[in-house]
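Accompanying notes for the structure given below.
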Amino acid sequence: MRIILILSALIISDDGYSIPMPCAKVSYLMGSEAKTLAAYPDCESYFSHQDANKAVLVPASMNGNGSNAAAALSLGFGAAFWLAFTMHAIGVEVYLHLTPAEADRLRNVSYQRQLEAGMKHPGRAGLTTDRLGDSSLWTPQDRREQGKDSEAEK
């Protein structure tokens, strides 16, 4: 997410976007009242205690001071979060489809944990492909091995 966030902030920096930010936050990011008032004179009412909720428009730019960088990072945060979340969700699904042996191992581990927890239908809890999709009924590894042993005895 950090990479996406930084790239989006760099892209946004060139387009002249601005974001409203409370004077309290701007003052914290600038480090002093004098620097804040020099860059944002509208914050005078905040420092004179006339308007504690005063906000100013801060240009979103990675080339400016701390408040400008914070504005640029804030603008792209939502998009960066959702893009990173989607990429990770898709990545997990691709990984599971490319490694069927690992997916089967994880399903067997889940089955054992469901057995230990005393669930009514271990191996079929949640959204499984045999319940929702058109795949055949899944059987745990130990039952598959028992079936092979009984066939070998015949």
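Each reported figure results from applying straightforward, stated rules to the coordinates on display, with no laboratory input. Note that the structure is predicted; figures quoted are calculated from it, not measured. Don't worry about glycine lacking a Cβ; one is built from the backbone with ideal geometry, like all the others, and counts go over all protein chains shown.
Just a few scattered comments:
- Candidate set: segment 1-43, residues that are in a strand (DSSP E or B) and out of contact with any Pro (no Cβ under 8 Å at 6 or more places or on another chain); chosen: the one surrounded by the fewest Cβ atoms within 10 Å (Cβ to Cβ): 20
- Odd one out for residue 139 among (1) under 24 Å from the mean Cα position of the chain (by Cα); (2) over 30 Å from residue 3 (Cβ atoms): (1)
- Residue that is farthest from residue 77 (Cα to Cα), among those in segment 22-51 that are touching a Leu at 6+ places or on another chain (Cβ under 8 Å) and touching a residue at least 12 places away in the same chain (Cβ under 8 Å): 47
- Taken over segment 44-58, residues that are surrounded by 16 or more Cβ atoms within 10 Å (Cβ to Cβ) and closer than 29 Å to residue 14 by Cα amount to 4.
- Among the residues of segment 105-132, those identified as surrounded by 14 or more Cβ atoms within 10 Å (Cβ to Cβ), within 27 Å of the chain's Cα centre (by Cα) and assigned to a helix (DSSP H, G or I) are 107, 110.
- Any hit, segment 74-83, residues being exposed (fewer than 12 other Cβ atoms within 10 Å of the Cβ), among the small types (Gly, Ala, Ser), farther than 30 Å from residue 138 by Cα and within 24 Å of the chain's Cα centre (by Cα): yes
- Of the residues making up segment 53-73, those that are in contact with a strand residue (DSSP E or B) (Cβ under 6 Å, 6 or more places away or on another chain) and part of a helix (DSSP H, G or I) are 67, 68, 71.
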